[in-house]
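The values are calculated or read from the model by the stated rules, or taken from the named source; none is laboratory data. These numbers were taken from a predicted model, which means no experiment stands behind them. Here Cβ is always computed from backbone atoms with ideal geometry, including for glycine, and neighbour counts include all displayed protein chains. Side chains are part of the model used for accessible areas, which takes the heavy atoms of the whole protein and leaves out ligands, DNA and RNA. Shrake-Rupley method; radii C 1.70, N 1.55, O 1.52, S 1.80 Å.
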Amino acid sequence: MKLASLKNGQRDGRLVVVSKDLAWFADATRIAATMQAALDDWERCEPELRSLYEELNRETIPRERFHEHDALSPLPRAFQWADGSAYVNHVELVRKARNAEMPDSFWTDPLMYQGGSDAFLAPRDDIPLGDEAWGCDMEGEVAVITGDAPMGCTVEEARDSIRLIMLVNDVSLRGLIPAELGKGFGFFQSKPPSAFSPVAVTPDELGDAWADNKVHLPLIVHYNNEPFGAAECGIDMTFDFAQLVAHLAKTRPVTAGTVVGSGTISNKLDGGPGKPISEGGVGYSCIAEIRMIETIADGKPSTSFMKFGDTVKIQMKDRAGKSIFGAIEQTVVKYEK
């Protein structure tokens, strides 16, 4: 099943079901007015939404053309956005680039931070940037939306709480991160609003590409209309989504509508750092990673962070080459009050 939140002048949009080919939608507000309302009453809403989805795909109900630019992020705002760093290869490269040892615990205990969730960008919104010196970077990720999960839940309970899957551009301001982390209190100004894919899908929609609580497909990233990344999401993911949700729930309950991110998708190559697509590798899901590899190889980075006018496109295709979630397409623009 595929769901989206369409723009309607309200903060949370209106809930619709979207056809498998992303061409059509049907209004779902008679079942639940918003995505959050559906998640809050999932046991009742899910079978009704699924029935509507099946009717839409059979073309037996009224339908309208679905345009991705009319979509908000599936949850335009959420009660919680917790982003993990499940691809420890990415973390290892970060630390290696600054000659820092990586604690062994990073391989057994997930990293996670709580981001701002009150004002997500729509998938086609510009990325507003106050200053290029802030070091704007995209981060291509996968995320899940949960139902309720109790504090201290098991990994199996966490798995059963996963309702929907979507893509993320977790925008980061790399130039602001070191000073913030140096204070010992985590990210804040360095993590502006993220954007999510036009459509969120139930795990079964992915077929056998959803296995072991992971998505087993490449995340396709284009930067300024050039291929930049096609890292395999199911490879080198040290912690799966059920483990990430269980980690989040260790000391607090997880409520319906919580968004949990994978962290930047990152693959090794022959046991070492990845290579650009132009050199036969799978590329990268963020600029910081190629800069780390340049630093390790040459002593300094040569790729700059995003500038005003730069564009990023993030999407995922099924094994038949069809878009699953629609695309995040954004341009960096100068922020003006």
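Measuring nothing but how far apart in sequence close Cα pairs (under 8 Å, 6+ apart) lie, relative to its length, the range 143-282 scores a relative contact order of 33 percent.
With each label modelled as a point 7 angstrom along the Cα→C-beta vector, the I61-R95 pair spans 5.0 nm.
What net charge is computed for the residues neighbouring G309, neighbours being all others with C-beta under 11 Å from the C-beta of G309, Lys and Arg scored +1, Asp and Glu -1?
Values: positive: K307, K334; negative: D126, E132, D310.
Residues near G309 contribute -1 overall.
Expressed as a whole percent, the accessible area of the range 200-240 that falls on carbon and sulfur atoms is 48 (1.4 Å probe). Of all lysines in the structure, the ones whose alpha carbon falls short of 26 Å from that of K2, not counting any fewer than 8 places away in one chain, are K20, K214, K313, K317, K322.
Near C153: Cβ cut-off under 15 Å, other residues only, Lys/Arg at +1 and Asp/Glu at -1. The net charge is -1.
I'd like to compare 52-59, 175-182: which one has the highest average count of other Cβ atoms within 10 Å, and what's the full order after that?
Details: 52-59: 16.2, 175-182: 13.8.
The most tightly packed comes first, giving 52-59, 175-182.
For a test of the definition: using alpha carbon positions, the gyration tensor, and the 1.5 limit on a/c, classify the range 266-320 as rounded, prolate or oblate. Note, shape of the range 266-320 comes out oblate.
Accessible surface for D208 stands near 120 Å², nearest 10, in the context of the full protein assembly shown (1.4 Å probe). Note that the chain presents 44 Å² accessible area per residue, ligands and nucleic acids not counted, probe 1.4 Å. The charge dipole of the range 1-123, taken about its Cα centre with unit charges on the Cβ of Lys, Arg, Asp and Glu (plus for the first two, minus for the last two), comes to roughly 340 debye.
With only Lys, Arg, Asp and Glu charged, each at its Cβ (+1 for the first two, -1 for the last two), find how big the charge dipole of the range 183-253 is about the Cα centre; round to the nearest 20 debye.
Working: 5 positive and 8 negative charges, 134 e Å.
For the range 183-253, the charge dipole is close to 640 debye.
Placing +1 on each Lys and Arg Cβ and -1 on each Asp and Glu Cβ, with no other charges, gives the chain a dipole about its Cα centre of roughly 560 debye. From the Kirkwood radius over Cα pairs of the range 182-241, Stokes-Einstein at 20 °C and 1.002 mPa s returns a whole-number translational diffusion coefficient of 147 µm²/s.
Using all pairs of distinct alpha-carbon atoms, the Kirkwood hydrodynamic radius of the range 70-183 works out to 16.5 angstrom.
So what's the net charge close to C286: Lys and Arg +1, Asp and Glu -1, counting the other residues with Cβ under 10 Å from its Cβ? That sum, taken over residues with Cβ under 10 Å, equals -3.
Working ranking of peptides 303-309, 16-22, 197-203 by packing, defined as the average number of other Cβ atoms within 10 Å per residue, highest first, is 197-203, 16-22, 303-309.
For trypsin sites (Lys or Arg not before Pro), the sites in the range 134-197 that DSSP calls loop and that have at most 14 other Cβ atoms within 10 Å are K183. If you bin all the Cα-Cα distances of the chain at 20 Å, starting from zero, the percentages per bin are 32, 59, 8, 0. Here the relative contact order of the chain, from alpha carbon pairs under 8 Å that lie six or more residues apart, stands at 23 percent. Each of R319 and E48 was given a label point 7 Å from its Cα along the Cα-to-Cβ line. The distance between the two points is 3.6 nm.
Going by alpha carbons, how many degrees (0 to 90, nearest 10) lie between the helix axis of 42-58 and the longest principal axis of the chain? Relative to the chain, helix 42-58 is tipped by roughly 80 degrees. For the range 131-257, a/c is not less than 1.5, where a ≥ b ≥ c are the root eigenvalues of the C-alpha gyration tensor, and a/b does not top b/c. That puts it in the oblate class.
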